[in-house]
Every structure is written in C-alpha cells, then in structure tokens.
Amino acid sequence: MEKTENLLLITPERCIGCGTCELACSIGHVGEFKPTVANISVLRFEAGVNVPMACLQCDKPACVAACKSGALEKDPASGLVSVNGAKCIGCRMCVMACPFGNISYNAAAKQALKCDQCGGHPMCAEFCPANAIEYLPADTANVQRKKAFAAKLAAGISEVNV
C-alpha cells in the first residue's frame, strides 16, 4: 500500500447526527450495522451539535508508544495506524494515551477500536450524506482547515469590535 497523502477532513457544522458514518464503518469492518463497534463515533451534545470523531493518524502516535503488546502499528508504507486484533490484549493503554480521545474499547471483543481510514478508502466519507466527512488530499484538507479557523477568528474579532 502506498503512503496515504489524504486526510479525513471533518466539518462538525455540517454533521446532521444521522449516524450513517458509524453504520458504514461497522458494515465495512465487521459486516454488521452496529455503531457500537464502529471505528468512528459521533458525539452528540445538544440538539444540532454533533461532532464526528476519528483517529487523526498522528505522525508520532502516543497510542503506538503506549501499546506494550505491539497491537497498535503504524504502517511505514501508508502511514496509517491500525490495531492488530490478534495482538491486542485489551489493556486500554492506547485509549488512555490518545490525547484526542479517538480510540475506544470494544468490551465484547476485548479490543481497542480506532479508525484506520479503511485502508485508504474510508466508508464514513463515502456515505456521509451531509459531506461532514471528506477524504481529501492532505494539502487541500489543511488549507480548508486554516480557512475555517481564520473565518471563525475573524467573526470573533468583529464581535469584540462591535
């Protein structure tokens, strides 16, 4: 597999909280429509405030360093971090180590769950009806993130100056 040059761009303002990303992920990974085993989750805060959460595929992942069984691996070719279920002992050190809270634990399987970008073809992005999750070239995704942040910053500054 080639090194992925794409990133998941998540735009929470677009998320309608439908859970299609969770369903697509679970069917793609375990063959069942079961959001509790999805590698992505949608945090639902209040009416209309939904935030899809997925692994950021860190350059230096704390979860990999914390995993003493070697179950979390960063593929040198693709750069993707994934869980090797055969090696996972269910200790949850990776869950605690992730600074973004993007790793969960499947109690039934006694294994960690995290987004692996479906090996380079993320189902969540493919099926999101609101385009809240997009799989874009890294350069494009980073530019869009910076523009969104700048717009929010400008809006905040204009409110203060009013």
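So how strong a dipole does the stretch 1-120 carry about its Cα centre when Lys and Arg Cβ are +1 and Asp and Glu Cβ are -1, to the nearest 20 debye?
Details: 11 positive and 10 negative charges, 86 e Å.
The dipole of the stretch 1-120 has a size of about 420 debye.
Write out the trypsin sites (Lys or Arg not before Pro) in the stretch 2-45 meeting two conditions: DSSP loop, and at most 14 other Cβ atoms within 10 Å of their Cβ. Each step should come with its number before you reach the end.
On the way: sites: 3, 14, 44; in loops: 3.
Here the trypsin sites (Lys or Arg not before Pro) that fit, given the DSSP loop and packing criteria, are 3.
Helix 20-30 versus the longest principal axis of the chain: what is the Cα-based angle in degrees, 0 to 90, to the nearest 10?
Taking the Cα atoms of the chain, the angle to 20-30 is about 20 degrees.
What is the helix-to-structure angle for 138-161, meaning the angle in degrees between its Cα long axis and the longest Cα principal axis of the chain, kept from 0 to 90 and rounded to the nearest 10?
Once rounded, the angle reads 40 degrees.
For the chain, list the cysteines whose Cβ sits under 4.7 Å from no other cysteine Cβ?
Cysteines lacking a close Cβ partner in the chain: 15, 18, 25, 58, 67, 88, 91, 98, 118, 128.
In the P(r) worked out for the stretch 6-137, what percent of Cα pairs fall beyond 27 Å?
Values: 1246 of 8646 pairs.
Counting every Cα pair in the stretch 6-137, those more than 27 Å apart make up 14 percent.
Taking springs between alpha-carbon atoms closer than 10 angstrom, which of 40, 133, 16 fluctuates most in the Gaussian network model of the chain?
Highest fluctuation among the options: 16.
Can you give the longest stretch of the chain with no exposed loop site, where a site means chymotrypsin sites (Phe, Trp or Tyr not before Pro) in a DSSP loop (not H, G, I, E or B) with at most 14 other C-beta atoms within 10 Å? Don't skip to the end; give the middle numbers.
Working: sites that count: 33, 100.
Within the chain, the longest run free of exposed chymotrypsin sites (Phe, Trp or Tyr not before Pro) spans 34-99.
Find me the longest stretch of the chain that has none of the exposed GluC sites (Glu not before Pro), where exposed means in a DSSP loop (not H, G, I, E or B) with at most 15 other Cβ atoms within 10 Å. Could the numbers behind the result be given before it?
Values: sites that count: 2, 5, 32.
In the chain, the maximal stretch lacking such sites is 33-162.
Where a number appears in this text, it was derived from the coordinates with a stated rule and is not lab data. Everything quoted here is computed from the prediction, not taken from an experiment. Backbone-built Cβ (ideal geometry, glycine too); neighbour counts: all protein chains shown.
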